[in-house]
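A quick write-up on the structure given underneath.
We did not get these values from a lab; they are worked out from the coordinates using the rules stated. All values derive from a computational prediction rather than experimental measurement. With ideal geometry, Cβ positions are generated from the backbone for all residues, glycine too; neighbour counts draw on all protein chains shown.
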Amino acid sequence: MKILVAEDDLTSRRILSSVLGKIGHETVETSDGLSALAVLESPDCPRLAVLDWMMPGMDGPEVIRRVREKGNDRPPYIIMLTTRGSKEDIIAGLGAGANDYLAKPFDTGELQARVEVGRRMVELQDALVESREALAYQAAHDSLTGLLNRRAILDRLAAWTMEARDGHVAVGLLDIDHFKRVNDTLGHQAGDEVLRRIASVMKEFCGADGAGRMGGEEFLALRRPGGNGDPFNFFDSLRERIAKTSIKTETGTVSVTASIGVALAAAGTAEDRILTAADDALYRAKNLGRNRVER
Ligand code: GH3
Ligand code: MG
Ligand code: MG
Ligand code: MG
Ligand code: MG
């Protein structure tokens, strides 16, 4: 693990580095508070730091205070080194945001043990951050296709219409035509494969941000304001592209068509009004023979 050693005294700094090196850590050394702060605020910041109390430029507690103020998804674990043994200083150091402290002159075994505690804390924290990120991803994405799920794409629509001000977000509600036949003739697995392929075509057209699965074989495609040309043409080329895509599955090769209902959403338009308008247009597209775009 990479560890910052911030200590102005050369001899102590070298000893710290060598002790930490012996238990397999790589150290970054600085001899003053400001460069310690710069290292701790860098994007590739070490996850663990041993910080001297008294240093030129800025003292240890002030460095810690600034690092904590700034906030960080993965905050460094900081051990304060101090010659002062007084309770007040320990309280001040911990109050500034240190995780632990070690009195100088330090005992090698104790330093290694405290760094080991720090390493465990950092690993625990990283695991928590990762599982939180994984949960957030799962909560926003459809597991079959990897597209945004219904709630996430509708949130995106709301956000884009808010940003649109005087433009419109074009909304295409897309439903695969006679999709039931794919399941009936080639099986459910093949049906799933078709859904994944359609999803990837939609991603290509709308970006991962602008494509979502509403449920079943129904998708939502968004186009931001300011895109070139009529949104109708945009959705019609999506429709055409889908119709031309031949999809290989384990049980056979198939192609499908889709019908799309288009509606325009301006800032302040209620979500259910947009969806109703798109749904009405989709209904017309189905009634007029499918494989078409209506608005
Ligand atoms: P229409 O042109 O009128 O839309 O006809 P359709 O057959 O596409 O529509 P219908 O609503 O009758 O059938 C949709 C089918 O989609 C029924 C359902 O079993 C299937 N389906 C929904 N979700 C999934 C899924 O995740 N995987 C697979 N394989 N099939 C699904
Ligand atoms: Mg010092
Ligand atoms: Mg249907
Ligand atoms: Mg359908
Ligand atoms: Mg449907």
Label-reachable residues, the range 178-194, where backbone N falls under 20 Å from a point 7 Å from residue 143's Cα toward its Cβ: 188-194
Acute angle (nearest 10 degrees) that the helix 108-140 long axis makes with the longest principal axis of the chain, alpha-carbon atoms: 10 degrees
Quick check on the range 54-117: take the gyration tensor over C-alpha atoms, sort the square-rooted eigenvalues as a ≥ b ≥ c, and tell me if it's rounded (a/c under 1.5), prolate or oblate. oblate
First check a/c for the chain, with a ≥ b ≥ c the square roots of the eigenvalues of its C-alpha gyration tensor; if it is under 1.5, answer rounded, and if not, answer prolate when a/b is larger than b/c or oblate otherwise. prolate
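Determine the gain in length on full extension of the stretch residue 159-residue 124; use 0.36 nm per residue of separation and subtract their C-alpha separation, reporting nm with one decimal. Intermediate results must be reported in sequence, preceding the final value.
On the way: separation 35, 0.36 × 35 = 12.60 nm, distance 3.43 nm.
Length difference between fully extended and current span is 9.2 nm.
Taking 0.36 nm per residue of sequence separation and subtracting the Cα-Cα distance, how much length would be gained by fully extending the chain between residue 288 and residue 42, in nm to one decimal? Working shown, then result.
Working: separation 246, 0.36 × 246 = 88.56 nm, distance 5.95 nm.
That pair, residue 288 and residue 42, stretches by 82.6 nm at full extension.
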Pop a pseudo-label 7 angstrom from the Cα along the beta-carbon direction at both residue 250 and residue 90 and give the gap in nm to one decimal. 6.4 nm
Can you compute the label reach from residue 196? Point 7 Å from Cα along the Cβ direction, backbone N cut-off under 16 Å, restricted to the range 122-159. 142-148
Within straight-line cross-link reach of residue 70, lysines at Cα separation under 25 Å, skipping those fewer than 8 residues along the same chain: 2
What full-extension length gain, to one decimal in nm, is calculated for residue 151 and residue 134 as 0.36 nm per residue of separation minus the Cα-Cα distance? 4.4 nm
Whole-Hz Karplus couplings 3J(HN,Hα) for the range 290-295, θ = phi - 60° and coefficients 6.51, -1.76, 1.60, Gly and Pro as x, run 6, 6, 8, 10, 10, 9
Using only the Cα atoms of the range 79-194, build the gyration tensor, take square roots of its eigenvalues as a ≥ b ≥ c, and label the shape rounded, prolate or oblate: rounded if a/c is under 1.5, else prolate if a/b is larger than b/c, else oblate. oblate
Quick query: amide H of residue 77 versus all other amide H atoms, modeled in the peptide plane; which residues come in under 5 Å with a sequence gap of 5 or more or a different chain? 48, 49
Tell me which lysines have Cα within less than 24 Å of residue 87's Cα, excluding those fewer than 8 residues away on the same chain? 104
The range 93-120 versus the range 1-72: alpha-carbon centroid distance in Å: 12 Å
In order through the range 245-261: 3J(HN,Hα) via Karplus (6.51 cos²θ - 1.76 cosθ + 1.60), integer Hz, x for Gly, Pro: 7, 9, 10, 7, 10, 4, 9, x, 9, 9, 10, 10, 10, 9, 10, 10, x
